[in-house]
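Below you'll find the structure, written out as structure tokens, and then a few comments.
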Amino acid sequence: MARKSRRLSGRDTLRFGATAVRSMAALVVLGSSLTALGCGGGGGTGTGDTLKGVVLVDFLQAAQDNVPLNRTLEFRFSSAIDPNSVNPDSIQVRSGALFGSQVFGKFIIQGSTVFFEPKLPGLCDLSDGGFQPNIDYRVTLVGSPEEFAIRNLAGEPLQSTINALFHTRLITDPQLFEDQIPSTSPTVVSTTPVDEAYPQAPPAISAPVMVQQGNTVVITFSENLNPCTVNENTVLFFQYATGDVTNGFVPNADQTPSTPTSWGSGTATTPARRVRSTFTLSQDQLTTKLTLTPVFGEFPDNALLVV
């Protein structure tokens, strides 16, 4: 489950256009070394689900000193784990060897394996991420005799409490984040508003995108992004034209746009006007979304917009 953030290659374009006053159609053209303090429990007989108590078979990241910030921690146990027993109290991931602050993230339980996915950063300074660069982290797996111990499906606890350490990579490490899809650049998977939601030829006209408070553009990517590469220099949001005050953007059947910034109707905005917006990047190991929110809370009226 190792992944790394990458930059987009090429230029992707997303277009919107208003069809009438107070409404808009959407058009999107996406032009130190570490030591495990104890990694096992004693006692018990038998194997698998018949074992008396639960044993930690392996913690894959124990004692590693080069863990990327988007590495998923993996714990393998001797029997299937009760999901209700897994929480930040029973598996404690904390910064520093002296039991510092808890790391934000989520647990995924698959039979006898438990995964911990750290929160991925959306800010360039990485402050909102679960793991931080060049930090020792201590993992405590709580076992018997504690009441909130990790337990298997039969209710038997981890035989004893286990502690282990690992260390994250330096901020200057080119592999600070692992590549989710090796040798493949991120692509745009979907957008809201959708690409070419307003067709070129009547009568097949979709409902326009309304101009109202809460308007946003949401772009979903195929893999995680380096948050430092998401800014007004790499994501351009501009108004390129305004529509007819009566008809809005209603191109004739033969008016196929020759460029991503024209629908063949309306009045050009020269020079193109930037739509000032706030950028919010939210991502985990499965989903990466960039949300653009106009600072005035809504899209410009009756306008052809290009992202």
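Here, each number is a calculation from the coordinates, and none is a lab measurement. Since we're looking at a predicted model, the values are computed, not measured.
Quick look at the numbers
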{"read-out": "Region 157-198 shape via C-alpha gyration tensor axes, a/c threshold 1.5", "value": "oblate"}
{"read-out": "Global form of region 72-165, assessed from the alpha-carbon gyration tensor, a/c cut-off 1.5", "value": "prolate"}
{"read-out": "³J(HN,Hα), Karplus 6.51/-1.76/1.60, whole Hz, each residue of region 63-77, x for Gly, Pro", "value": "6, 6, 10, 9, 7, x, 6, 10, 6, 8, 6, 10, 10, 10, 10"}
